[in-house]
Amino acid sequence: MKKERLVSLVVPVYNEEDNLQHFYEAARDVMDKLPYRWELIFVDDGSSDSSRTMLAEMEVQDERVQAIFLARNYGHQTALTCGLDYADGDAVISMDGDMQHPPELLPRLLELWEQGYDIVQTVRKATEDAGLLKRLTSVGYYRVLNMITSVPIREGGSDFRLLDREAVLALRQHREHARFLRGLVSSLGFRQTIFEFTAPPRFAGRSKYSLRKMLRLAMDGVFTCSAFPLRLGLYAGMVSALFAVLLIIHVLYETFVAQNVVSGWPTLVACFAFFGGLQLMLMGVMGEYVARIYDEAKQRPLYLVQEYGHRSEVRKRRQEKTETESGQRSGHGDAE
Ligand code: UDP
Ligand code: MG
């Protein structure tokens, strides 16, 4: 019989103890109905609750589950990257573990893959629990981002996406530290399509994206996809040079033609304040790029894996489990 193709689900996990079991069951029930072999790769991003124990247990119970434990909290984008590095599937689907990327949509993504698309990027039409402020800032952010970058990045683009093996291999060659996967994937090319969905509220727990993490992601989006902020200095410089020329003409006119003594104190103070602020701001922008260059120059690994499924341990415990079960079936209750 022809071997069915393998689909990998990649799920970053950060303190999701109340979601894991529910998510696993939902994903399993959907995948079991489809004509594919599948694997579920959880990347634990340094959780401090019982997620780790739960994942280790799940790995023993179901051999299609793999858990990778990162050495500390690296953030969603890096955890996702790690999962993509370890996934063996012919199609690899990344999704969140909090049910905001509904497993029941998996067949629809795979249908599009079967139609020949290499990348199926989902776009949130709405997030049921997102406040007005989050929605407005998101719309504004993507507008600006699209204005200053050459790769189109869809507003509402999420990290729920399907990648064909070829696209995964291409993505793996991008090892930059400041990661904004939406922009990176969009820049890959290949045959891409969009799939719209409404994100339901989180099943349990609170969002793990703190304001700080969200700002960092937003800045990475701008500074890794575009050099426009750097050029801003050039444009601002040109405008202020023009302004200075006009000012000089004005001063010369007042002094020599109108014979007025120039009472320039307020103008001077205003100019100092304005250009001082502008210069500091542009230095800050340069600082953002320099910091990123510094990060890349260190060439540190993107992430450190503390434990990868302690594979031999898992195999041993699985074997014990099978022995116990077969022991029970043949009437010998105690296998120890
Ligand atoms: N996540 C992670 N590391 C982090 C923050 C989040 O692996 O530092 C995971 C989290 O467990 C979830 C996914 O990334 O599976 C998306 O996070 P969350 O639901 O908190 O983001 P939101 O949906 O609020 O944007
Ligand atoms: Mg979420």
### Query
Does region 18-145 come out rounded, prolate or oblate, given a ≥ b ≥ c as the square roots of the eigenvalues of its C-alpha gyration tensor, rounded meaning a/c under 1.5 and, failing that, prolate meaning a/b above b/c?
oblate
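Can you give me the accessible area per residue for the chain, using a 1.4 Å probe, in Å²?
Values: 18770 Å² over 336 residues.
Dividing the accessible area of the chain by its residue count gives 56 Å².
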### Query
Which value in nm describes the separation of the simple spin-label points at residue 246 and residue 61, placed 7 Å from the Cα toward the beta carbon?
7.1 nm
### Query
Expressed in nm to one decimal, what extension gain is obtained for the pair residue 230 and residue 191 from 0.36 nm per residue of sequence separation less their Cα-Cα distance?
10.9 nm
### Task
Report the dimensions of region 26-88 along its three principal axes from the alpha-carbon atoms, largest first, rounded to Å.
36, 23, 17
### Message
Checking the a/c ratio against 1.5 first, then a/b against b/c, what shape does the Cα gyration tensor give for region 104-155?
### Response
oblate
### Summary
Whole-Å distance linking the alpha carbon centroid of region 167-201 with that of region 25-73 is 22 Å
### Summary
The extension gain from residue 324 to residue 300, computed as 0.36 nm times the residue separation minus the Cα-Cα distance, is 4.1 nm
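If you take every DSSP beta bridge whose two residues both sit in the chain, what share of them, in percent to the nearest 5, is antiparallel? Could the numbers behind the result be given before it?
Numbers: 11 of 36 bridges.
Bridges in the chain are about 30 percent antiparallel.
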### Task
Could you check how much of the accessible area of region 193-276 is carbon and sulfur, as a whole percent, using a 1.4 Å probe?
74 percent
### Query
If you line up the long axis of helix 51-61 against the longest principal axis of the chain, both from Cα atoms, how many degrees apart are they, to the nearest 10?
40 degrees
### residue 48-residue 270 pseudo-label distance in nm [points 7 Å out on the Cα-to-Cβ vector]
5.2 nm
### Query
Counting only residues 5 or more places away or on other chains, whose amide H sits under 5 Å from the amide H of residue 205 once H atoms are built in the peptide plane?
none
### Task
Starting from the Cα gyration tensor of region 1-41, take the square roots of the eigenvalues, sort them a ≥ b ≥ c, and report rounded, prolate or oblate (rounded when a/c is under 1.5, otherwise prolate if a/b is larger than b/c, else oblate).
oblate
### Query
Taking θ as phi - 60°, what are the ³J(HN,Hα) couplings along region 39-45 by the Karplus curve (6.51, -1.76, 1.60), each to the nearest whole Hz, with x for Gly and Pro?
9, 10, 9, 8, 10, 7, 8
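Give, in whole angstrom and from largest to smallest, the semi-axes √(5λ) of the equivalent ellipsoid of the chain, with λ running over the eigenvalues of the Cα gyration tensor.
Numbers: eigenvalues 573, 85, 62 Å².
Over the Cα atoms of the chain, the ellipsoid semi-axes are 54, 21, 18 Å.
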### Query
If you take the beta carbon distance between residue 219 and residue 21 as r and set R0 to 41 Å, what does 1/(1 + (r/R0)^6) give as a FRET efficiency, to the nearest 0.05?
0.70
### Summary
Taking region 128-259, the whole-percent share of alpha-carbon pairs separated by over 21 angstrom is 59 percent
### Summary
With only helices counted (DSSP H, runs n ≥ 4, each -39500 (n - 2.57)), the per-residue ellipticity at 222 nm for the chain, to the nearest 500, works out to -16500 deg cm²/dmol
### Query
GNM, the chain, Cα, under 10 Å: largest mean-square fluctuation among 37, 143, 300?
300
### Task
Of the listed pairs 213/321; 125/208; 208/321; 208/298, which have alpha-carbon separations greater than 32 Å here?
213/321; 208/321
### Query
Hey, what do the phi angles of region 13-29 turn into as Karplus ³J(HN,Hα) couplings, whole Hz, using 6.51/-1.76/1.60 and θ = phi - 60°, x for Gly and Pro?
10, 9, 6, 10, 4, 7, 9, 4, 4, 4, 4, 4, 5, 5, 5, 4, 4
### Candidates per trypsin sites (Lys or Arg not before Pro) in region 41-105, loop by DSSP, up to 12 other Cβ within 10 Å
72
### Task
Quantify, in whole percent, the carbon and sulfur part of the accessible surface of region 114-180 (1.4 Å probe; protein heavy atoms only).
54 percent
### Query
Using the Kirkwood radius built from alpha carbon pairs, what does the Stokes-Einstein equation give as D for region 116-185 at 25 °C and 0.890 mPa s, in µm² per second?
180 µm²/s
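The values are calculated or read from the model by the stated rules, or taken from the named source; none is laboratory data. Just so you know, these numbers come straight off a predicted model, no measurement behind them. Here the Cβ is made from the backbone with ideal geometry for all residues, glycine too, and neighbour counts use every protein chain on show. The accessibility values were calculated without ligands, DNA or RNA, using every heavy atom of the protein model including side chains. Shrake-Rupley method; radii C 1.70, N 1.55, O 1.52, S 1.80 Å.
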